[in-house]
Amino acid sequence: MKREKGPVEKNVKQKTENVRKWYRYQFFGSAKVRIPKEKKVVDANIANISFSGIGLYSTKSIGKGKTVKIKISFVDKHGKVLEEFATGKVDWQSKFKSMYLTGIFFDNELSVTTQPKLIEHLTWLIDTYNWPQPYKDQRISML
């Protein structure tokens, strides 16, 4: 005898498989997110970063689907404040109390050519803290 699902069970989302190909790393830094079409700038703190995107906390909404330019600021191993730039699109945004949690996909993956200081810093963090290599497919070692 087949049992029919109840109303609560019907609304439960199916567990989704994590299809990310890059690891996310906890990252201490700040970001200035510019929305060129609106001439708006939002200050944010970085929650995490991967080679394909960044997670941010901010007190202002950036807006899902917006195209953005990001200035990423961080302190390197020598205590020097460095900046790198990336462009992307807001993939998701969620409000939590007075904060906005935002996920941005980069237009292009981070690279030694376009963000050399950031890649050097991430490489140092990965090596120093024995974090996993950035690419989830272990057959490929980038760093």
Would you check which residues across the range 40-72 are open to solvent by 20 Å² or more (accessible area, probe 1.4 Å) and assigned to a strand (DSSP E or B) and list them? K40, V41, D43, N45, N48, Y57, T67, K69, K71
Counting only residues in the range 105-137 that are among the polar types (S, T, N, Q) and in a helix (DSSP H, G or I), the one most open to solvent (accessible area, probe 1.4 Å) is identified as T128
Mind listing whichever residues of the range 92-104 are exposed (fewer than 13 other Cβ atoms within 10 Å of the Cβ) and in a strand (DSSP E or B)? W92, S94, K95, F96
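The values are calculated or read from the model by the stated rules, or taken from the named source; none is laboratory data. The model shown is predicted, which means the values in this text are computed figures rather than measured ones. Note: ideal-geometry Cβ built from the backbone for every residue, glycine included; neighbour counts use all protein chains shown. Calculation scope for accessible area: heavy atoms of the full protein, side chains included, ligands and nucleic acids excluded. Shrake-Rupley method; radii C 1.70, N 1.55, O 1.52, S 1.80 Å.
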